[in-house]
Amino acid sequence: MNASAWHMLLEGALTTVWISAVSIAIGVVAGLVIALIRLARIPIVDQLLVLYISVARATPLVTLALFIFLSAPDLGLDLNRSVAGILALTLNTTAFNAEIWRSAFRNFSREQSEAAMATGMTPWITFRRIMLPQMVITSLPGLVNEMSFLIKGSPAIAVIGIVDLTRVTNRISAVTYEPLPPILVAGALYMAIIGCLVWLQRLAERRANRLAM
Amino acid sequence: MSEANMSERAAVSIRHLSKSFDDVEVLRDVELEVKTGEVVTIIGSSGSGKSTLLRCINWLEKPDRGSIHIAGQRIGVHEDGRPMPVRELAKVRAQTGMVFQGFNLWPHLNVLHNVTEAPIHVQGKSKREAEELATALLEKVGMSHKHDSYPNTLSGGQKQRVAIARALAMQPEVMLFDEPTSALDPELVGEVLAVIKDLSAEGYTMVMVTHEMAFARAVSDQVVFLEKGLIIERADPETFFTTPKTDRVRKFLENHDTPSPA
């Protein structure tokens, strides 16, 4: 592989990382918001959210990406590839994250929040200061798992023309006729990215030990 | 004296309080007045409604009927019957401090931060001010040496003492104790009772649900006996423990090793 191949690989890795990172950031927060809304059990809204979650969880990423990219013009939207890709990944991961957050809410001890309310905390302060920090720690294994699924599933967005870390190996081997070196490097890069997540998770586990009362 | 006037003077004033869970009436027309500086103990067998009564005082349980005033302020609903918005409810709640049977410390915060959390985020105290107060309170309950420990490393008695400091940190009008020693190993009960006894000596207003009869006799100004949601007897501790008026209380005390006078 020559310098330009390396350059292309790194650019592909960068594309994968930034598109995944944006999708993860939106997806984690949106999942939390959906879980919060579902706590209120608003009729119709709740059913719609359940429908969204089941559809998003049942749809392959490639299909979702294609659908969003191809249907956007019909809806009068002018989506560029990156936005369509992020939208597909986000819609997918949000649904899974919403379920992770929801189970964290369900398992949160009522005594803990009662103790907070008893000191005069409003429900919002109770959520922000008492519930959320603990929910983050207990949900992190599930969330990180979902993040690594997203990164490993992200090559699906190549279907709408985004040149990510996997797609770029194709382009390189189309020129060099040597498919193995770029794909090996890409594999190593994926492992490095996921490795960062695993490290984050280990950090969380150490803090989680404190929560075991 | 008018009713409103009396409510203003009392730390806690409970009128015509009733509460049902499904079909079971757990509180029936309960009336209770706790004066500032007074220690009131609520006694009764399990299922008599005593914990529910205590939890109604800070609106962790919503009563069906009746009114509760904390230092003259109505809690939970406005005088005209409108439900109280959450922020307002939280403000009145901050006038009460509660100590739970199961401690309910926040496991993600160390001992010091368990105590400073509400003063900082509810009262808006500065971090320094809150930490000075917390240090003094932890000193008072004998836990200052553990200020940077996490709750899961503490014994039950230590946890409960931290929980008492946490409740005191909001400088409440009244402290509510919900069976504070029931979840403790017998040898740890004493250290928690000693702290509560100190508080009573310092003039804190307290309402306490307990099964510790000797302790109730020693610290209470008023003992209330609850049976199936009704207050069937109330008296000063001497009268209550030596010459109860009802057979029910006599029987209850026989089963509970009536303490000899302290």
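How do the helices (runs of 4 or more DSSP H) wholly within region B:69-145 filter down when requiring 1 or more residues that are surrounded by 20 or more Cβ atoms within 10 Å (Cβ to Cβ) and at the interface with another protein chain (Cβ under 10 Å from one of its Cβ atoms): which remain? Break it down stepwise before answering.
On the way: elements: B:86-93, B:111-121, B:127-140.
Output list reads B:86-93, B:111-121.
Quickly run through region A:73-123 and pick out the residues that are aromatic (Phe, Trp, Tyr) and assigned to a helix (DSSP H, G or I).
Filtering region A:73-123 down to residues aromatic (Phe, Trp, Tyr) leaves A:96, A:101, A:105, A:108.
Those that are aromatic (Phe, Trp, Tyr) and assigned to a helix (DSSP H, G or I): A:96, A:101, A:105.
In region B:50-79, how many are touching a residue at least 40 places away in the same chain (Cβ under 8 Å) and at positive phi?
Adding up the residues that qualify gives 3.
Would a scan of region B:193-206 turn up a residue that is of a type outside the set (Asp, Glu), assigned to a strand (DSSP E or B), at pLDDT 95 or above and under 30 Å from residue B:165 (Cα atoms)? Write out each step before concluding.
First pass over region B:193-206, keeping only residues of a type outside the set (Asp, Glu): B:193-197, B:199-201, B:203-206.
Keeping just the survivors that are assigned to a strand (DSSP E or B) gives B:206.
Now restrict to residues that are at pLDDT 95 or above: B:206.
Then keep just the ones that are under 30 Å from residue B:165 (Cα atoms); that gives B:206.
Yes, some residue in region B:193-206 is of a type outside the set (Asp, Glu), assigned to a strand (DSSP E or B), at pLDDT 95 or above and under 30 Å from residue B:165 (Cα atoms).
Limited to region B:147-200, what total is found for residues that are over 20 Å from residue B:55 (Cβ atoms) and among the acidic types (Asp, Glu)?
Number satisfying all stated conditions: 5.
Residue by residue, here is whether (1) out of contact with any Lys or Arg (no Cβ under 6 Å at 6 or more places or on another chain); (2) under 30 Å from residue A:36 (Cα atoms) holds:
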{"position": "A:122", "(1), (2)": "no, yes"}
{"position": "A:126", "(1), (2)": "yes, yes"}
{"position": "A:184", "(1), (2)": "yes, no"}
{"position": "A:190", "(1), (2)": "yes, no"}
{"position": "A:211", "(1), (2)": "yes, yes"}
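Do we find that residue A:198 is within 19 Å of the chain's Cα centre (by Cα), in a helix (DSSP H, G or I) and surrounded by 18 or more Cβ atoms within 10 Å (Cβ to Cβ) in this structure?
Working: within 19 Å of the chain's Cα centre (by Cα): yes; in a helix (DSSP H, G or I): yes; surrounded by 18 or more Cβ atoms within 10 Å (Cβ to Cβ): no.
Considered against the rule, which asks whether it is within 19 Å of the chain's Cα centre (by Cα), in a helix (DSSP H, G or I) and surrounded by 18 or more Cβ atoms within 10 Å (Cβ to Cβ), residue A:198 comes out as no.
The values are calculated or read from the model by the stated rules, or taken from the named source; none is laboratory data. Since the model is a prediction, treat every value here as computed from it, not as a measurement. Glycine also receives a Cβ, built like all others from the backbone with ideal geometry; neighbour counts cover every protein chain displayed.
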